[in-house]
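Okay, here's the structure, questions in a sec.
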């Protein structure tokens, strides 16, 4: 399964999603997502699921079931856009609260056995060299924390030029 | 002249957060006869342009928040974008920014990327970057408010607060400070993992539930 998380709207969203097959779960912004409260209920009250009940409460188990994670995000200060970041903040039940050493630092133990590959498309006008550098470093940090390799990172001036065919 | 400083807490836990405690600690370096401190708690993603304008009336911003997934908590990111918009729409003096970021990991270096994100935000918003403080094992700080700053286990944090306090008082731009905990990594790991097990039992679950793998079976939008 491929999980596509994107922050596009309208025609742009439709064009993007059209390139994906039936084996894809699309996570998009319908304006209803709630923000992470930092309560750790996804580790100690309902382990594996976010206790905030909206359409995004199963992100951890969804990531646990996928083989590829595709992220299409506006690049904001070298990071993800607020919606994409919100989805990722609500996904920490993908990992286990215990600590393990990876690459010389403490990271969370992995809850699921099968890692997925990360593909990222960052878009935005006039992205600076620093922002692109930060975004690459962010993906490396995410990759170590989630125990998943980064397969591809792309930067686009104009999201209209984005075509993904899976 | 009294300098106006905004203490901006970007933790969704507000008053009960480590970020609130950290802002209180750095405030100890800022004598009240010279500095007027205003506190802003940005707990939700509902941005308010009036509050953004009030924050930007201060010449120094001290921003504290917890590291979420290697970055800025999403609700706080919305506030950073609102502050950028407000800054771009207004003329006049721009503030100097000092950031104090704490993470749940032991190593303070894991906050390095978020400090870069904040630098990029400053560049876009025409703010001057002052200094960043990256704090490891930040979760313990909220529970140590009875410990005097500078005493174990707030010895290194106390030293770092002293260094940043000097930078703020001089409105200087200075290298980032990475504050490792006073206690060994293994002690932190053991205490944290004991804490998760105590919580899960208090919530009426079994220890094995901590390792639960949830099959995915829900339609998303």
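Looking at (1) assigned to a helix (DSSP H, G or I); (2) under 24 Å from the mean Cα position of the chain (by Cα); (3) under 16 Å from residue B:137 (Cα atoms); (4) more than 10 Å from every other protein chain (Cβ to nearest Cβ), find the lone condition where residue B:165 falls short.
(3)
At the interface with another protein chain (Cβ under 8 Å from one of its Cβ atoms), over 13 Å from the mean Cα position of the chain (by Cα) and either surrounded by fewer than 19 Cβ atoms within 10 Å (Cβ to Cβ) or not in a helix (DSSP H, G or I) (or both), is that true of residue A:115?
Here the answer is no, as residue A:115 does not meet what is asked.
Return the residue satisfying two criteria in turn: it lies in segment B:54-69 and is at the interface with chain A (Cβ under 7 Å from one of its Cβ atoms) and under 13 Å from the mean Cα position of the chain (by Cα), and of such residues it is nearest to residue A:33 (Cα to Cα).
B:68
Please go through segment B:168-220 and give me each residue that is facing another protein chain (nearest Cβ under 7 Å), assigned to a loop (DSSP other than H, G, I, E, B) and in contact with a strand residue (DSSP E or B) (Cβ under 7 Å, 6 or more places away or on another chain), ordered by number.
B:220
For segment A:14-33, give me the residue count where each residue is surrounded by 15 or more Cβ atoms within 10 Å (Cβ to Cβ) and either in contact with a helix residue (DSSP H, G or I) (Cβ under 9 Å, 6 or more places away or on another chain) or part of a loop (DSSP other than H, G, I, E, B) (or both).
So the answer is 10.
If you don't mind, another one. Residue by residue through segment A:53-72, note down the ones that are more than 19 Å from residue A:146 (Cα to Cα) and within 7 Å of chain B (Cβ to nearest Cβ).
A:55 - this is the single residue of segment A:53-72 that is more than 19 Å from residue A:146 (Cα to Cα) and within 7 Å of chain B (Cβ to nearest Cβ).
Right, here's the next one. Among the residues of segment B:97-105, is any within 7 Å of another protein chain (Cβ to nearest Cβ), assigned to a loop (DSSP other than H, G, I, E, B) and out of contact with any helix residue (DSSP H, G or I) (no Cβ under 8 Å at 6 or more places or on another chain)?
Within segment B:97-105, one or more residues are within 7 Å of another protein chain (Cβ to nearest Cβ), assigned to a loop (DSSP other than H, G, I, E, B) and out of contact with any helix residue (DSSP H, G or I) (no Cβ under 8 Å at 6 or more places or on another chain).
Right, another one. Within segment A:86-94, does at least one residue satisfy the condition of being out of contact with any helix residue (DSSP H, G or I) (no Cβ under 7 Å at 6 or more places or on another chain), part of a helix (DSSP H, G or I), at the interface with another protein chain (Cβ under 8 Å from one of its Cβ atoms) and within 17 Å of residue B:104 (Cβ to Cβ)?
Yes: segment A:86-94 contains one or more residues that are out of contact with any helix residue (DSSP H, G or I) (no Cβ under 7 Å at 6 or more places or on another chain), part of a helix (DSSP H, G or I), at the interface with another protein chain (Cβ under 8 Å from one of its Cβ atoms) and within 17 Å of residue B:104 (Cβ to Cβ).
Quick one: which of B:83, B:77 is out of contact with any strand residue (DSSP E or B) (no Cβ under 6 Å at 6 or more places or on another chain), assigned to a helix (DSSP H, G or I) and more than 10 Å from chain A (Cβ to nearest Cβ)?
B:83
Out of A:36, A:42, A:75, A:50, I need the residue that is touching a helix residue (DSSP H, G or I) at 6+ places or on another chain (Cβ under 6 Å), touching a residue at least 40 places away in the same chain (Cβ under 8 Å) and at the interface with chain B (Cβ under 8 Å from one of its Cβ atoms). Which one?
A:36
Rule-based calculations on the coordinates, nothing more; no lab input. All of these numbers come straight from a predicted model, not from anything done at the bench. All Cβ positions, even for glycine, are placed from backbone atoms using ideal geometry, and neighbour counts span all protein chains on display.
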